[in-house]
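Chemist: Structure provided below as structure tokens; questions to follow.
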Amino acid sequence: MGNHSASMVEFGPQTHVLVTGGAGFLGSALVDLLLSRNCSVTVVDDLSNGSLRNLAVKDPRLTVRTFRIGDPTFSATVHEEVRQADAVFHLASPIGVQLAHQERFAVTRSIIESGFAVIEACRYHRRPLLFTSSSEVYGSGRDRPIIEADPVTTDLRPRWGYAAAKAAIEHLVAGLFFEFGIPTWIVRPFNMAGPRQSPATGLVLPVFVHAALKGEPLIVHDDGEQRRAFLHVADAAEGLLLVMQSRSLHGRPVNLGGSEPVQIGNLAKMVVDAAKTNAPIVMKPSNAVYGDRFAVTYDRVPDTNLLTTVTGWRAVRSTRQTILDCIEHMRIERVTA
């Protein structure tokens, strides 16, 4: 691609893409999509959340590097991988509310260190960058769909260290575009789900599915009336590519999420029904699980009109299909484990 960043990215046989966190849940879905477009791909992943089993490691177009982004030992390596890429997706990040609550220092530090390492390399080599932030930056949520212009709110309760770090990296990513003219995109994913999502992350849908398949209680926090909208990971990957192909979204936050709000109590019932089990559903106060300093979120549903209007993107897989795909994958994993 030379020494100058393109104002948008086309994905095809001549495109080489770097994906950090590419062995993880969303990252591997993105890698699958890029390979289907005949791109060549380099994945950098420390395998703390991801797995090589998620990747087509025998595909000659795929290169996998296993190290931690942000480790100073690999600074030169990060620069070299970015230099060779036509486009960079920075997805590498700690995952899960529970981890963010329990290990605030490590999680916040990891997001900032890895983000800065990638951003600095993209600045130096002038490479287009898409950063996946998080809907956590919106804080405890709203009683209506959340738009990108809604304020980013955090306080010093442990959970929000994750959100604050993501927001800080957003500012750096925006600065790459507005101050250095390097094309960047900021995506704020809401609840994604589907195949390859691990219950170890503490994310609600794989946790529910794991419990249902074992016949164990599905633990619903508080009154279960809090709403989320779940997006199938394959639809999410399509959204990421479409965002990076849009000039008008340079340097702007873009929501990426589902369009079918569901109460978490009802989600548990949907999982039990889809898994065809008699697993019980148990209500439990969130502070009994996380302690009194836990920051509770209520309704967190995205308004995705910006993404749809600019790119034409729409989610095509329903919440039920997402649940069924999660169940099928987890059943296969149990058989092959």
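Chemist: Tell me, please, whether a residue that is in contact with a Lys or Arg (Cβ under 8 Å, 6 or more places away or on another chain), buried (at least 17 other Cβ atoms within 10 Å of the Cβ), within 30 Å of V152 (Cβ to Cβ) and not β-branched (V, I, T) can be found in segment 262-281.
Modeler: Within segment 262-281 (the criterion being in contact with a Lys or Arg (Cβ under 8 Å, 6 or more places away or on another chain), buried (at least 17 other Cβ atoms within 10 Å of the Cβ), within 30 Å of V152 (Cβ to Cβ) and not β-branched (V, I, T)), the answer is yes, since at least one residue qualifies.
Chemist: Can I ask one more? Based on what the data block shows, is V152 under 22 Å from A229 (Cβ atoms), over 14 Å from the mean Cα position of the chain (by Cα) and not assigned by TED's automatic domain parsing to the domain that holds G27?
Modeler: no
Chemist: Looking for something over 30 Å from P261 (Cα atoms), of a type in the set (K, R), in contact with a Phe, Trp or Tyr (Cβ under 7 Å, 6 or more places away or on another chain) and surrounded by fewer than 22 Cβ atoms within 10 Å (Cβ to Cβ) - is there at least one such residue anywhere in segment 106-124?
Modeler: Yes: segment 106-124 contains one or more residues that are over 30 Å from P261 (Cα atoms), of a type in the set (K, R), in contact with a Phe, Trp or Tyr (Cβ under 7 Å, 6 or more places away or on another chain) and surrounded by fewer than 22 Cβ atoms within 10 Å (Cβ to Cβ).
Chemist: Follow-up question, since we're still on this one. Looking at V57, V82, can you tell me which residue is over 30 Å from N287 (Cβ atoms) and either buried (at least 24 other Cβ atoms within 10 Å of the Cβ) or small (G, A, S) (or both)? Even if it seems obvious, please write down each step before you answer.
Modeler: On the way: V57 fails: either buried (at least 24 other Cβ atoms within 10 Å of the Cβ) or small (G, A, S) (or both).
Result: V82 is the single residue among V57, V82 that is over 30 Å from N287 (Cβ atoms) and either buried (at least 24 other Cβ atoms within 10 Å of the Cβ) or small (G, A, S) (or both).
Chemist: For segment 43-61, which positions are assigned to a loop (DSSP other than H, G, I, E, B), in contact (Cβ under 8 Å) with a residue 12 or more places away in the chain and more than 15 Å from S114 (Cα to Cα)?
Modeler: G50, S51, L55, A56, D59, R61
Chemist: I'd like the full set of residues that are at positive phi and in contact with a Cys (Cβ under 9 Å, 6 or more places away or on another chain), limited to segment 172-195.
Modeler: Answer for segment 172-195, where residues must be at positive phi and in contact with a Cys (Cβ under 9 Å, 6 or more places away or on another chain): just G194.
Chemist: Could you run through segment 62-79 and say how many residues are surrounded by 16 or more Cβ atoms within 10 Å (Cβ to Cβ), in a loop (DSSP other than H, G, I, E, B) and either of a type in the set (D, E, K, R) or touching a Cys at 6+ places or on another chain (Cβ under 6 Å) (or both)?
Modeler: 1
Chemist: For I219, work out the one condition from (1) under 22 Å from the mean Cα position of the chain (by Cα); (2) outside any helix (DSSP H, G or I); (3) aliphatic (A, V, I, L, M) it doesn't fulfil.
Modeler: The one condition I219 does not meet is (1).
Chemist: Consider A92 carefully, then state whether it is closer than 28 Å to T154 by Cβ, surrounded by 18 or more Cβ atoms within 10 Å (Cβ to Cβ) and modelled with pLDDT of 95 or more.
Modeler: Taking the combined requirement at face value, the residue satisfies it.
Chemist: Take segment 15-42 and flag every residue that is surrounded by fewer than 20 Cβ atoms within 10 Å (Cβ to Cβ), in contact with a Lys or Arg (Cβ under 7 Å, 6 or more places away or on another chain) and assigned to a strand (DSSP E or B).
Modeler: The answer is S40, and nothing else.
Chemist: Then there is this: If the requirement is being more than 19 Å from the chain's Cα centre (by Cα) and either among the basic types (K, R) or in a helix (DSSP H, G or I) (or both), which of these qualifies: V310, V282?
Modeler: Of V310, V282, the one residue that is more than 19 Å from the chain's Cα centre (by Cα) and either among the basic types (K, R) or in a helix (DSSP H, G or I) (or both) is V310.
Chemist: For segment 195-215, state whether one or more residues are part of a loop (DSSP other than H, G, I, E, B), in contact with a helix residue (DSSP H, G or I) (Cβ under 8 Å, 6 or more places away or on another chain) and among the basic types (K, R).
Modeler: yes
Chemist: Could you check, for segment 225-232, whether at least one of its residues is surrounded by 23 or more Cβ atoms within 10 Å (Cβ to Cβ), touching a helix residue (DSSP H, G or I) at 6+ places or on another chain (Cβ under 9 Å) and under 19 Å from V31 (Cα atoms)?
Modeler: yes
Chemist: Yes or no: D45 at pLDDT 95 or above and surrounded by fewer than 24 Cβ atoms within 10 Å (Cβ to Cβ)? Explain how you work it out, then say what you get.
Modeler: Values: at pLDDT 95 or above: yes; surrounded by fewer than 24 Cβ atoms within 10 Å (Cβ to Cβ): no.
Criteria not met by D45.
Chemist: Could you list, ordered by first residue, the pairs with Cβ atoms under 6 Å in which the first is in segment 191-206 and within 20 Å of R227 (Cβ to Cβ) and the second is at pLDDT 95 or above and in a loop (DSSP other than H, G, I, E, B), at least 6 apart or interchain?
Modeler: N191/F230; A193/F230
Chemist: Checking A237 against (1) out of contact with any Lys or Arg (no Cβ under 7 Å at 6 or more places or on another chain); (2) over 30 Å from T15 (Cα atoms); (3) touching a residue at least 60 places away in the same chain (Cβ under 8 Å), which single condition isn't satisfied?
Modeler: Every condition holds for A237 apart from (2).
Chemist: Right, something else. Kindly evaluate F67 against the criterion of being closer than 26 Å to F177 by Cβ and of a type in the set (F, W, Y). Quick ask: steps written out before the conclusion?
Modeler: Working: closer than 26 Å to F177 by Cβ: no; of a type in the set (F, W, Y): yes.
No: the conditions fail for F67.
Chemist: Let me ask you something else. Name every residue in segment 189-214 that is surrounded by fewer than 24 Cβ atoms within 10 Å (Cβ to Cβ) and more than 22 Å from S286 (Cα to Cα), in order of residue number.
Modeler: Within segment 189-214, P189, P195, R196, L213, K214 qualify.
The values are calculated or read from the model by the stated rules, or taken from the named source; none is laboratory data. Only a predicted model underlies this, so the values are computations on that prediction, with no experimental measurement involved. Using ideal geometry, Cβ is built from the backbone for each residue, glycine included, and neighbour counts are taken over all protein chains shown.
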